[in-house]
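In what follows, a structure is listed as structure tokens, so that the remarks can point back to it.
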Amino acid sequence: MAYVVTQPCCADASCVVACPVNCIHPAPGDPDFGTTEMVYIDARSCVGCGACVTACPVEAIKPDTALTETELPFVELNAAYYEVFPHADRTPLAVIPPQRRLRDDRPVRVAVVGAGPAGLYVADELLKHPEVSVDVLDRLPAPHGLVRAGVAPDHQHTKRAVDLFAAIEGERGFGYLLGVEVGADVTLAELEQRYDAVVYAVGAAADRPLGVPGEELVGSLSATDFVGWYNGHPDKQDLAVDLSHERAVVVGNGNVALDVARVLTADPDDLALTDIARVPWSQLAASRVREVVVLGRRGPAQAAFTLPELIGLAGLARQGRLNVVVEVGGADLGDPTGADPVAAQRARLLTELSARPVDPGLRTIVLRFCAAPVRLVPDGAGLGLVGIEIARTRLEHTPDGVRAVPTEETEVIATGLVLRAVGYHGLPVADLPYDEARGVVPNDSGRVRPGVYVAGWVKRGPSGFIGSNKACAQETVETLLDDLDAGAVTPPSVRGDLGADLRARGVRVVDLAGWRALDAEERRRGAVAGRPRTKIVDREEMLRVVADTAGSRGSGTGYAASAGAQRKRRGPTIRS
């Protein structure tokens, strides 16, 4: 029996260290580590011990004897990696480098701005050093970033990464200052006075525009906002989502586009068993959308979605839970017998999907390639939209890659909902330099200047997966430690508890105990409803839960110290 890595892989390499025979790659130190869609197990070397299963934070590893029919393509996918990268020189045991130690054993305090995967991986790397303590700040009362508010609700295994984050939160020297907006509630200058170093891991919060006429019309939405809406992001719950039309169009064909398409066409009964926000679920349950068209400017070979996501979509089609229609113009589906095993498997899956009969009783996702948006068509009043005009494209091969060139052949697709999913883009960060073209903070291996650093998407741009942030965090932390050892970092000039000072200013700070109370309440409500959790999406209710729990403990931690003065401002609540 061998083990197989399946779709929900987070690629953070926890399993690599656990494997006693080093049969999981790419591993840290391999040239392609952090760049592949997932990690892969070599079935020829796997001894079936199951150590990787225990280490995997998202339950992505299964024995080959326990795979479902829809998961069987992952056997081939794992094997295909080793056809290209045989790793014949692997050593019998995973090699773990010696733990680095700082030259000076004085206490070091670091502030990490951003409580998503990048920020928490930074905290994890820093806390390997007993001299270091870390406070993680975030403007939201709940942490975990895009794992909480970006991963599709039907990917609950991927969301199990929160268990890994909980382990980081339990490390010595870890603290939260949630509900604190850096740049408003506290400045970078104040943080520099109180901490040896400040690391920004604030991600890329905006989406890229389409750049076509009509993008401002009612019914034209950002996929980023839509994902935040159904995932319970507190800032997105007032989003106006019109699901009264039979067709929706998603522009872009990356993983986010497929996530949005699956959610729009999912069985409401299936979604009800996830952590999807309750009000969005009720709207999706009453949705009239029967077809979602996913547009890609280029051909199938250049599509941005990953092979694991395509395998998952094909699995839904095989189960008879969804139609998937593949439409191609000006390009083919690829060579299913080609030398590149990943490209060949993609071509086989797309060919299989294109040959499947369509069941008119099922909701449908149309994967349409070689189609570029031209404009969004307004209604008679010029406010809402009634369609999207697209142009067929032809593909040109250039030294820089394949380029999609619009032709004169156009058509209008009738729709009242267009979601743009053409990528994320970072916004300027207060008091930091900004590269507008790339949407990042300019840096040298994470260093903005000695004492101020970046990690994650704000450092490298919106690329990679959850686990990609681990290697990124390691690089930034190494740079920070180099600066500490070189004496380039100024020690703090102000002592004291920043959380207490912020509460004295009226900031309702949520600490680690407060987050654990909120997390426990969401899980309790979820258990009552037969769900993994029921998210609390209203900020005031979040803070009330934190305050009430702190009050029952007789403690002034978290938000409790300033709760009384805020109770009258409590807003509407959403309950399960």
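The values are calculated or read from the model by the stated rules, or taken from the named source; none is laboratory data. From a predicted model like this one, the values you see are computed outputs, not experimental measurements. Positions of Cβ are generated from backbone atoms using ideal geometry, with glycine treated the same way; all protein chains shown enter the neighbour counts.
Residues in the range 512-523 that are touching a residue at least 40 places away in the same chain (Cβ under 8 Å) and either hydrophobic (A, V, I, L, M, F, W, C) or not assigned by TED's automatic domain parsing to the domain that holds ARG533 (or both): LEU512, ALA513, TRP515, ALA517, LEU518.
What do you reckon, is ARG101 closer than 29 Å to THR479 by Cβ, modelled with pLDDT of 80 or more and surrounded by fewer than 16 Cβ atoms within 10 Å (Cβ to Cβ)? Here the answer is yes, as ARG101 does meet what is asked. Restricting attention to the range 189-232, the residues that are touching a Phe, Trp or Tyr at 6+ places or on another chain (Cβ under 9 Å) and farther than 30 Å from VAL374 by Cβ add up to 7. Please verify whether GLY499 is of a type outside the set (Asp, Glu) and either surrounded by fewer than 18 Cβ atoms within 10 Å (Cβ to Cβ) or closer than 22 Å to ASP275 by Cα (or both), treating the condition exactly as stated. Against the criterion (of a type outside the set (Asp, Glu) and either surrounded by fewer than 18 Cβ atoms within 10 Å (Cβ to Cβ) or closer than 22 Å to ASP275 by Cα (or both)), GLY499 does not qualify. Checking each residue in the range 99-124 for being more than 13 Å from LEU177 (Cα to Cα) and part of a strand (DSSP E or B) picks out VAL108, ARG109. Does any residue of the range 461-470 turn out to be of a type in the set (D, E, K, R), buried (at least 22 other Cβ atoms within 10 Å of the Cβ) and under 20 Å from the mean Cα position of the chain (by Cα)? Looking for residues that are of a type in the set (D, E, K, R), buried (at least 22 other Cβ atoms within 10 Å of the Cβ) and under 20 Å from the mean Cα position of the chain (by Cα), one finds at least one in the range 461-470, hence yes. Here is the figure for the range 30-49: residues that are surrounded by 14 or more Cβ atoms within 10 Å (Cβ to Cβ) and of a type outside the set (A, V, I, L, M, F, W, C) total 8. All but one of (1) within 19 Å of the chain's Cα centre (by Cα); (2) modelled with pLDDT of 95 or more; (3) farther than 12 Å from VAL202 by Cα hold for VAL108; state the number of the condition that does not hold. Among (1) within 19 Å of the chain's Cα centre (by Cα); (2) modelled with pLDDT of 95 or more; (3) farther than 12 Å from VAL202 by Cα, the lone unmet condition for VAL108 is (1). Listed by position, the helices (runs of 4 or more DSSP H) enclosed by the range 211-289 that each have at least 2 residues that are without any contact (Cβ under 8 Å) to a residue 24 or more places away in the chain are 268-271, 278-285. Within the range 436-476, the only residue that satisfies the criterion of being in contact with a Gly (Cβ under 8 Å, 6 or more places away or on another chain), farther than 27 Å from THR158 by Cα and hydroxyl-bearing (Ser, Thr, Tyr) is TYR453.
Can you name the residue in the range 290-330 that is assigned to a loop (DSSP other than H, G, I, E, B) and surrounded by fewer than 19 Cβ atoms within 10 Å (Cβ to Cβ) and is also nearest to the chain's Cα centre (by Cα) among such residues? Only one residue tops the list, namely ALA304. Taken over the range 176-200, the residue count meeting the criterion of being crowded, with 18+ Cβ neighbours inside 10 Å and not in a loop (DSSP other than H, G, I, E, B) is 13. Taken as a whole, the range 523-538 holds no residue that is at pLDDT 95 or above, crowded, with 19+ Cβ neighbours inside 10 Å and assigned to a helix (DSSP H, G or I). Residue under question is GLU190, and the condition is that it be of a type outside the set (Phe, Trp, Tyr) and under 24 Å from ARG505 (Cβ atoms); does it hold? Spelling it out, GLU190 is indeed of a type outside the set (Phe, Trp, Tyr) and under 24 Å from ARG505 (Cβ atoms).
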